[in-house]
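Below is one structure, written out as structure tokens; the observations come after it.
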Amino acid sequence: MVPLLEVRNLKTYFYTQDGVVKAVDGVSYDVNRGETIALVGESGCGKTVSALSILRLVAEPAGKIISGEMLFDGIDLLKLSKDDMRKMRGAKISIIFQEPLTSLNPVLTIGRQISEGMEFHKNMSIQEGMEEATRLLKMVGIPHPERRVYDFPHQFSGGMRQRAMIAIAIACQPQLIIADEPTTVVDVTIQAQLLELIRNITKELDTSLILITHNLGIVARYAQRVFCDVCRQHCRAR
């Protein structure tokens, strides 16, 4: 079976006044269709940078993808133009960021932020987008979605903001979702609810998932395979 995503010898460096920081230095892994893999490593080892590299969201000009291959469904992401890459984000590959409060736009309603991607990728009208946003908020467990769709991020709790981020990530039914430590900012009870929600949604949509974490308990429960940054190899999670 041909993997959905193949990352080969990826190198992403940051050029600073103090020298070159090799944030990602020769990382390789693959993700099969409908599979959940975990990227595991200590803080600062480059897990998030490797995810941002897939989406080509590394902060320029300091950050640069130096070399490697990232084949998504047979397409080399590094060879796409900026416009073509923009069409991939959200539609084919999406991300759930670690800190929703800083990732969400404070001056746009939650519903508007969910509908934006559908308007761009699916040519929906604003009204159609808001109706679909309401459905998605209900899907991720937000109470009274028909009302909360008009709320702003600061009116949501931490767990609700992360649920809204999940709704944004699945809005266009992408083939791959990257979850970058999605439960770091919430308490233990909400962590379990969010992880179960992500697992159920990816199963329902038959979506592949890259789960970035340093919690081996989460890895054992939710991942089929794990890539360890330290040993640079794949292991079975079970």
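Remarks
- Here Gly44 passes the criteria (1) modelled with pLDDT under 95; (2) touching a helix residue (DSSP H, G or I) at 6+ places or on another chain (Cβ under 9 Å); (3) not in a helix (DSSP H, G or I) except the one numbered (2).
- Checking each residue in region 187-209 for being outside any helix (DSSP H, G or I) and crowded, with 20+ Cβ neighbours inside 10 Å picks out Thr207, Ser208, Leu209.
- In region 143-183, the residues that are under 18 Å from Ser115 (Cα atoms), part of a loop (DSSP other than H, G, I, E, B) and touching a residue at least 24 places away in the same chain (Cβ under 8 Å): Val149, Tyr150, Asp151, Phe152, Phe156, Ala171, Cys172, Gln173, Pro174
- Every residue from region 65-85 that is of a type in the set (D, E, K, R) and surrounded by 14 or more Cβ atoms within 10 Å (Cβ to Cβ): Glu69, Asp73
- Residue in region 86-99 that is part of a loop (DSSP other than H, G, I, E, B), within 14 Å of the chain's Cα centre (by Cα), of a type in the set (Asp, Glu) and on the phi < 0 side of the Ramachandran plot present: yes
- Where a residue in region 31-50 is within 16 Å of Met70 (Cβ to Cβ) and its partner, wherever it lies, is assigned to a helix (DSSP H, G or I) and basic (Lys, Arg), with Cβ under 6 Å and at least six apart: Leu39/Lys47
The values are calculated or read from the model by the stated rules, or taken from the named source; none is laboratory data. As the structure is a computational prediction, the values presented were derived from the model and not from experiment. A quick note on method: Cβ atoms are made from the backbone with ideal geometry, for glycine too, and the neighbour counts reach across all protein chains shown.
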